[in-house]
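Below you'll find the structure, written out as structure tokens, and then a few comments.
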Amino acid sequence: MVAAAAASAALETGKVSVLLGAQWGDEGKGKLADVLSMNMDVCARCAGGNNAGHTIVAHIGPDKVKTKFDFHLLPSGLVNPRCAGFIGSGVVVHVPSFFAELDALQKKGLNCDGRLFLSDRAHLVFDFHQVVDGLKEVELGGSSIGTTKKGIGPAYSSKASRSGLRVHHLYDQELFANKFRKLVEGRFKRYGHFEYDTEGEIARYKAFAERLRPFIVDGVTFIHTAISQKRRVLVEGANALMLDLDFGTYPYVTSSSTSIGGVCTGLGIPPTAIGSIIGVMKAYTTRVGAGPFPTELTDEIGVHMQEVGAEYGVTTGRRRRCGWLDLVVMKYSCLINGYTSLNLTKLDILDNLKEVKVAVAYLQNGKELPCFPADLDILANVEVKYETLPGWQGDISTAQTFEELPENCRAYVEYVEKFLGVRIEWIGVGPSRESMIKR
Ligand code: IMP
């Protein structure tokens, strides 16, 4: 399927389109974001920070040189040279990482001049937040979260406790310095003294402020102008539903709203501005970090998924835990995010398996739970009810249409679709941009 055609068919014009991770992250959102961004005017981030990560391979410049780009904080739609990138108010921004990522993109020949914008309401992540992220994890000992140590949780804590610093604070130097000193002092009181050059940081941020100035916009005006001018806006979700602060497997979550609600709060747009909500789900389940994972496989099939699926984190390089597709999780995810369609990714990773299982219910003391449970002790002890489907044992990576997939493979897709009651519109059958079936 030609990617651009795949992109245009899906989206409602005049409405914001949203792409969200439907499981525990790393579903492969980057590929569809890349495909859709080819037809977009703006690609926006609404939550999270540089804890997210995806790699996009694109052909750039007049010579169409194949180039690999890593995105963590910047919107990945920037790979389309006509698309603007917008970092919304709900994102937490580590300024040195912002520039490091931007410089890396520019160095690889991706010119981002004049098309990258940052909301003045976004909160800042400082190096001391990252130090504290590590200290908190040490303090938690055996029950640590397994964070990315990018300072995300501590920065959102500063925000929630109303002591955080936002982008606009950079331009009132005295206020910035005073608030900054207070924040660091607070961390020293809480965690004991750690090595940190407070005054050096204040001076460093004075220089950053000047370099950052051309990127800064009033985020609310920016996004509403884009919408009212009928510019095509894609919101690229970060992390995923099961890492949502409210609805994920708390406390093994990130510290932002990664669900559809975070799109409205993070960009300052009403729900009525949103058209398509596309959920990205892997054909199996993976998770990095700690916390219960009912369908986890620690046998050779889990290792197969890890190896064949190259399940290593882009941000931290950690091995991802792997398991069967969990439709209890997906049903819950569909309820909360209201997907209008789904992208099933990495279906080819299941190619050689004799049979494929999907979790269809959780049982507690033999009784089926009505929904994904809040209590992790219950979750850790559920008995998982599986449906076993026959494998297709064939290479699907060259299939370009749904009809070209083996019968058992189509049956797997149709089973998932029927169970969830949401149409699977895209199917990823290989790593390249072209290996995406659009139905
Ligand atoms: P934090 O976001 O660094 O605070 O990490 C909290 C939890 O979210 C940890 O389990 C991380 O591994 C997980 N996490 C954060 N971002 C991602 C992501 O983009 N993909 C997968 N897991 C993530």
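The values are calculated or read from the model by the stated rules, or taken from the named source; none is laboratory data. Nothing here was measured: the structure is a model prediction, and the numbers come from that model. Here the Cβ is made from the backbone with ideal geometry for all residues, glycine too, and neighbour counts use every protein chain on show.
When segment 45-67 is examined, which residues are found to be modelled with pLDDT of 85 or more, assigned to a loop (DSSP other than H, G, I, E, B) and either under 16 Å from Val35 (Cβ atoms) or near the ligand (Cβ under 10 Å from one of its atoms) (or both)?
Gly49, Asn50, Asn51, Ala52
Across segment 265-292, what is the total count of residues that are assigned to a loop (DSSP other than H, G, I, E, B), within 16 Å of the ligand (Cβ to nearest atom) and within 19 Å of the chain's Cα centre (by Cα)?
Taking segment 265-292 as the starting set, the residues that turn out to be assigned to a loop (DSSP other than H, G, I, E, B) are 268-270, 283-284, 288-292.
Now drop any that are not within 16 Å of the ligand (Cβ to nearest atom), which leaves 284, 288-292.
Pick out the ones that are also within 19 Å of the chain's Cα centre (by Cα) and you get 284, 288-291.
Adding up the residues that qualify gives 5.
Search segment 331-350 for residues that are in contact (Cβ under 8 Å) with a residue 24 or more places away in the chain and more than 23 Å from Ala361 (Cβ to Cβ) and pair each with any residue that is of a type in the set (Gly, Ala, Ser) and outside any loop (DSSP other than H, G, I, E, B) when their beta-carbon atoms are under 6 Å apart and the residues are at least 6 apart or on different chains.
Within 6 Å, the pairs are Thr340/Ser276; Thr345/Gly428; Lys346/Gly428.
Out of the residues in segment 146-191 that are more than 16 Å from the ligand (Cβ to nearest atom), among the aromatic types (Phe, Trp, Tyr) and in contact (Cβ under 8 Å) with a residue 24 or more places away in the chain, which is nearest to Leu118 (Cα to Cα)?
Taking segment 146-191 first, the residues more than 16 Å from the ligand (Cβ to nearest atom) are 161-163, 165-191.
Retained after the next criterion (residues that are among the aromatic types (Phe, Trp, Tyr)): 171, 176, 180, 188, 191.
Then drop every residue that is not in contact (Cβ under 8 Å) with a residue 24 or more places away in the chain, which leaves 171, 176, 180, 191.
On the way: Tyr171: 14, Phe176: 18, Phe180: 21, Tyr191: 32 Å.
Here the residue is Tyr171.
Quick one: in segment 326-342, which of the residues that are more than 16 Å from the ligand (Cβ to nearest atom) and assigned to a strand (DSSP E or B) is surrounded by the most Cβ atoms within 10 Å (Cβ to Cβ)?
Step by step, filter segment 326-342, then rank; the result is Leu342.
Restricting to segment 136-167, give me the number of residues that are hydrophobic (A, V, I, L, M, F, W, C), buried (at least 16 other Cβ atoms within 10 Å of the Cβ) and modelled with pLDDT under 95.
Step one: of segment 136-167, the residues hydrophobic (A, V, I, L, M, F, W, C) are 138, 140, 145, 152, 155, 160, 165, 167.
With the extra rule that they be buried (at least 16 other Cβ atoms within 10 Å of the Cβ), the set shrinks to 145, 152, 155, 165, 167.
Imposing the further condition that a residue be modelled with pLDDT under 95 reduces the set to 145.
Looking only at that region, the number is 1.
Sort out which residues of segment 221-245 are out of contact with any strand residue (DSSP E or B) (no Cβ under 9 Å at 6 or more places or on another chain) and within 14 Å of the ligand (Cβ to nearest atom), and write them in order of number. Before you say what the answer is, go through the steps one by one.
Kept after step one, since they are out of contact with any strand residue (DSSP E or B) (no Cβ under 9 Å at 6 or more places or on another chain), are these residues of segment 221-245: 221, 224-225, 228-230, 244-245.
If the condition is that a residue be out of contact with any strand residue (DSSP E or B) (no Cβ under 9 Å at 6 or more places or on another chain) and within 14 Å of the ligand (Cβ to nearest atom), then Asp244, Leu245 are the ones that fit.
In segment 305-325, how many residues are among the polar types (S, T, N, Q), closer than 18 Å to Ala52 by Cβ and either touching a helix residue (DSSP H, G or I) at 6+ places or on another chain (Cβ under 8 Å) or away from the ligand (no atom under 14 Å from the Cβ) (or both)?
First, the residues of segment 305-325 that are among the polar types (S, T, N, Q): 306, 315-316.
Now drop any that are not closer than 18 Å to Ala52 by Cβ, which leaves 315-316.
Within this subset, residues satisfying the condition of being either touching a helix residue (DSSP H, G or I) at 6+ places or on another chain (Cβ under 8 Å) or away from the ligand (no atom under 14 Å from the Cβ) (or both) are none.
Looking only at that region, the number is 0.
Go through segment 68-80 and count every residue that is of a type in the set (S, T, N, Q) and assigned to a helix (DSSP H, G or I). Break it down stepwise before answering.
The first filter runs over segment 68-80 and keeps only residues of a type in the set (S, T, N, Q), leaving 76, 80.
From what's left, assigned to a helix (DSSP H, G or I): 76.
Residues flagged as of a type in the set (S, T, N, Q) and assigned to a helix (DSSP H, G or I) within segment 68-80 amount to 1.
Please tell me if Asp244 is more than 28 Å from Pro431 (Cβ to Cβ) and of a type in the set (D, E, K, R).
On the way: more than 28 Å from Pro431 (Cβ to Cβ): no; of a type in the set (D, E, K, R): yes.
So Asp244 does not fit the description; no.
Can you confirm whether Asp103 is charged (D, E, K, R), within 21 Å of Ser257 (Cβ to Cβ) and assigned to a helix (DSSP H, G or I)?
no
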